[in-house]
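The values are calculated or read from the model by the stated rules, or taken from the named source; none is laboratory data. This is a predicted model, so every value here is computed, not measured. Note that we place each Cβ from the backbone using ideal geometry, even for glycine, and neighbour counts take in every protein chain shown.
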Amino acid sequence: MSDIEKELPEEEAEENENYITLTDDNGEDISFEVLDTVEYKDRLFAVLLPFDEEEDEVVILEIISDGDPENDDFVSVDDDALLGEVYEVFKKQYEGDYDFE
């Protein structure tokens, strides 16, 4: 996934603050549980768990913000080393809360 648009009806957003539906480059909607956000090297990343996946793999996207959360863009990260570093920060924050393999 590269640039992804955020779509969540206002009333649904109020009821499900930890859930988000994003539209990928192919126009397909993907729903996620937002596990957390991680600040790393002056950047903000969202750690997401896809609803449709049978595996428990997270998706990490960078959040690009103009200061208004309604306009946040979720962008894929192509740097595997950076993704690994962000995931390690997330794991450290939630050690004991999640079973990391």
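Among the residues of region 24-83 satisfying the criterion of being polar (S, T, N, Q) and free of Cβ contacts under 8 Å to residues at least 12 places away in the same chain, which is nearest to Glu95 (Cα to Cα)?
Asn71
Okay, residues lined up against (1) at pLDDT 95 or above; (2) in contact with a helix residue (DSSP H, G or I) (Cβ under 9 Å, 6 or more places away or on another chain); (3) hydrophobic (A, V, I, L, M, F, W, C):
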position: Asn26; (1), (2), (3): no, no, no
position: Phe32; (1), (2), (3): no, no, yes
position: Asp36; (1), (2), (3): no, yes, no
position: Glu39; (1), (2), (3): yes, yes, no
position: Arg43; (1), (2), (3): yes, yes, no
position: Phe51; (1), (2), (3): no, no, yes
position: Glu57; (1), (2), (3): no, no, no
position: Ile60; (1), (2), (3): yes, yes, yes
position: Ser65; (1), (2), (3): no, yes, no
